[in-house]
Amino acid sequence: MPGLDITRSPGRVAFRLAVPRVSGVLHPRLILVCPALGAAAFLVFCLTVGAGTGDYALAPHAVVPALWGAGDPADVFVVRELRLPRASVALLCGAAFGAAGAVFQSVTRNPLAGPDMLGITQGAGAAVAGGIVLGVGSAPGTQTLGLAGALGAGLLIYLLAWNRGTTGYRIVLVGIGISWMCLSLTSYLMSRTELHQAHRILGWLVGSLNDRGWEQARPLALALVTLAPPVLLLGRLRRTLELGDEVAAGLGTPVQRVRMVLLLCGAALAAFATAAAGPVLFVALASPQIAQRLAGTASPPVVTAAFTGSVIVLTGDLIGQRLLADAVVPVGVVTGVLGAPFLLWQLARADKTGSGG
Amino acid sequence: MTSPPPPPSPPARVPQAGDGPAEPELRACGLRLAYDDRIVVEDLDLVVPPGRISVVIGANACGKSTLLRALARLLAPRGGGVLLDGRSIHTMPTRQVARRLGILPQSPTAPEGLTVADLVGQGRAPHQTWWRQWSPGDQDAVTRALLATGMLEHADRPLERLSGGQRQRAWIAMAVAQETPVLLLDEPTTFLDLAHQIDVLDLIVDLNRRERRTVVMVLHDLNQACRYADRVIVMKSGHVVAEGEPAEVMSAGLVEEVFGMRCRVTADPVSGTPLIIPIGRHHTGRAPDGR
């Protein structure tokens, strides 16, 4: 291609465009892995919409016309109002959890950090439990409550961790504290309430895509579109943070500002995803780690982690719906059951080859 | 489409990065530094001689690392300020400072799996924008830094698989790739064995002589400080008590005052610089011939 120059120097491959003057470093494995995961996510998405699940028998060849509103009105309803929004919520919330996890792990320099370890998810849980017990929450109610709880927890963590600036370490410690506080509060609320309400809380806490529709997908899509650009644009400075605050500051990175923006974006991504689907545990923790190992990078790659998250949630939901004929298993259960062994396998393999990452 | 690797550029080159005069001017005026309520440095004035190696020495907790951090704008002063080319580094845009002044903190850590090339590439951060993340200038600077530090052959290796000395060289290469006329190093020889300590110090002298970089570093070893410094800055409880060429400044009296340790000072048989020999409690401090 004219104007595109690809050079190899020791340890890196770089690309440059003549016009406009754009240049960057290429990670050969990332170039393969990222689109492959994107394609996989798209495939499972199509499978969810097309092959479908549930009791309604729909011929695969009727799906595509139904997408455009042609064919049997019942088919159109099932595809456009049930399957498509459900698959969209799965795709979007997986992406949001994956990206949020990558941001948290990178900014705190801690592979165990993530919105579901640092109290963001638990904040949403406590708010939803409180709402249900106090009688505020019908379905859209839990969504708003979850969002408010998660965002509130995120802000609280950041403010409490502030002491002339924050450090990744303080954020992790404060986050764990907030997380246990919210868990205790949720347990207390559940123990004080009636059985059917406790059951509803529990149902939300597991994380599920049942009865999720466009009213969940829309705000989540909007959040992703809004929050992805700042996260991606700060990627270059985020990587300097991984060398430690002092080195990053020495390299001219405004450490506190960058960390604040990234953490708030990460918390907001996780908050919107939790609001839409409940806490689909494990996705935010595992997606960045799986993506990082697949791509062979030293830090969690955000976009790849987002695709990984989408694949995990979509696959988890598909399996959850299909696994047992008479019972629908919530996606949060499936992601935990299947994701954990995969991560363990990756860790074990990394240790054997000695790469560690 | 794939072009062959570029021929390595000659390492000798005056750093010309940044937007200031070639000869950097770094000074501290009335500097007052504190952690929380504890004042560490009080009313300190210092002019860093351009193009030379200055070494800060002093007992533990005398404020030498604190001073270095303040000179690198990593610590905001409670009073006074640090001027780089006549402008306060605390109000200058931090990126602009990073093009004139590089800092290597004490024992930095990198994420697991980071390769030498990736680390050294990070040194280019202050020269990059999000749309121009790897210009030919970046590539040349990294190649030069890898050459100068002898790390070119290890460019592909992850840091955790290097020896301690090689790892420290990789970090120095990162700071070198930043191409700043001023380089601050906080105890660059910590945790290295003696051979690697000398190796790193020789490398720093190379950078200073070949590229006329101004170097300020904190060292623990007095004899290494005397040998490698053009100028020593001796600190005691937050004050500069002596400053100048090692041969002029270092005396048994000064060492006793600063470190509370009796010693004899003789000439280093290799370099001719002052050699400090501690006496301790079990020796008399007199030579066997009774002089």
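Brief remarks on what is shown
- Kirkwood hydrodynamic radius (C-alpha pairs) into Stokes-Einstein, region A:4-353, 37 °C and 0.692 mPa s, D in µm²/s: 156
- Label-to-label distance, nm, for residues given as A:LEU343 and A:VAL225 (7 Å Cα→Cβ offset): 3.2
- Diagonalising the gyration tensor over the Cα atoms of region B:132-291 and scaling each eigenvalue by 5 before taking the square root yields semi-axes of 37, 17, 13 Å, largest first.
- Sorted from greatest to least, the principal axis extents spanned by the alpha carbons of region A:116-227 come out as 45, 37, 19 Å.
- Per-residue ellipticity at 222 nm from helix content only, as computed over chain A with -39500 (n - 2.57) for each DSSP H run of at least four residues, stands at -22500 deg cm²/dmol.
- The Cα center of region A:195-261 and the Cα center of region B:214-271 differ in position by 52 Å.
- Residues B:MET250, A:MET117 in ascending order of nearby Cβ atoms (within 10 Å, fewest first): A:MET117, B:MET250.
- Applying a length cut-off of 24 Å (Cα extent along the axis) and a mean Kyte-Doolittle floor of 0.0 to the DSSP H helices of chain A leaves A:28-50, A:84-108, A:139-160, A:168-192, A:214-233, A:255-277, A:302-322, A:331-353.
- Volume of the Cα convex hull of chain B, divided per residue and given in Å³: 157
- Pairs of alpha carbons in the protein assembly as shown whose separation is greater than 42 Å (percent): 37
- Mean ellipticity per residue at 222 nm, deg cm²/dmol - from DSSP H runs of n ≥ 4 across chain B, formula -39500 (n - 2.57): -8500 deg cm²/dmol
- Fewest-first ranking of A:ILE120, B:ILE89, A:ILE6, using other Cβ atoms within 10 Å as the exposure measure: A:ILE6, B:ILE89, A:ILE120
- The ranking of B:SER271, A:SER310, A:SER9 from fewest to most other beta carbons within 10 Å of each one's beta carbon is B:SER271, A:SER9, A:SER310.
- For B:ASP268, the residues 5 or more places off, or on other chains, whose built amide H falls under 5 Å of its own are B:THR273, B:LEU275.
Read the figures in this text as sums done on the coordinates, not as results from a lab. These numbers come from a predicted model, not from an experiment. As a convention, Cβ positions derive from the backbone with ideal geometry for all residues, glycine included, and neighbour counts pool all protein chains shown.
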